[in-house]
Amino acid sequence: MQTITIKIINNSTNALPAYETIGSSGMDLRANLQEPVNLAPMQRALIPTGLFIELPLGYEAQVRPRSGLAIKHGITCLNTPGTIDSDYRGELKIILINLSTEPFAIQHGERIAQMVIQPVVKAAWEEVTVLNESKRGEGGFGHTGK
Ligand SMILES: O=c1ccn([C@H]2C[C@H](O)[C@@H](COP(=O)(O)OP(=O)(O)OP(=O)(O)O)O2)c(=O)[nH]1
Ligand SMILES: [Mg+2]
């Protein structure tokens, strides 16, 4: 368990993001709304969560869709996985899009996405003129067959 600092505003759902089961990868994130947000088909919206977090250096958070909302209502995160940088101090917001043919209303307190905390490997470049050979070589995009 890694301890992470969190600030909550306007949180009438009085819930910290939580793992729903002991083996869950993600903590569900809830919409923090004054009133429901109606998403027409193909419409997108930036949904506030009321959460501000301070991740330790060397970590990120990924914001991912919930599969139930996706399969039942066509609601997904447009930029999945959303990237929360460790130095971001603003409000966590979720870019939702309605990919169904029906309108969908997002309610205050509804669990709209999930957040996975991950370590980040920072890379430094070592520039060369020739790369080591590999079995795959330049093959990709279906190169190995169906
Ligand atoms: O789903 C998301 C994605 C991002 N963010 C916040 C945290 C993140 O650290 C910041 C910037 O995100 P990103 O790097 O994806 O956006 P950008 O378009 O590259 O903006 P910037 O130039 O601010 O980095 O926005 C969210 O709240 N939700
Ligand atoms: Mg960026």
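Overview of values
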item	result
When residues of segment 12-49 are limited to those that are outside any strand (DSSP E or B) and among the aliphatic types (A, V, I, L, M), the one farthest from ligand 1 (Cβ to nearest atom)	22
Residue within segment 50-58 that is over 16 Å from the mean Cα position of the chain (by Cα), over 21 Å from residue 19 (Cα atoms), assigned to a loop (DSSP other than H, G, I, E, B) and more than 10 Å from ligand 1 (Cβ to nearest atom) present	yes
Every residue from segment 108-124 that is in a strand (DSSP E or B) and among the small types (Gly, Ala, Ser)	113
Residue list for segment 67-96, filter: within 8 Å of ligand 1 (Cβ to nearest atom), of a type in the set (A, V, I, L, M, F, W, C) and either open to solvent by 20 Å² or more (accessible area, probe 1.4 Å) or not in a strand (DSSP E or B) (or both)	95
So residue 60, is it acidic (Asp, Glu) and surrounded by 12 or more Cβ atoms within 10 Å (Cβ to Cβ)	yes
Any hit, segment 123-135, residues being surrounded by 10 or more Cβ atoms within 10 Å (Cβ to Cβ) and small (Gly, Ala, Ser)	no
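The values are calculated or read from the model by the stated rules, or taken from the named source; none is laboratory data. Source: prediction; values computed, not measured. Virtual Cβ from ideal backbone geometry, glycine too; neighbours counted across all protein chains shown. When the accessible area is computed, the model is the full protein with side chains, heavy atoms only, and any ligands, DNA or RNA have been set aside. Shrake-Rupley method; radii C 1.70, N 1.55, O 1.52, S 1.80 Å.
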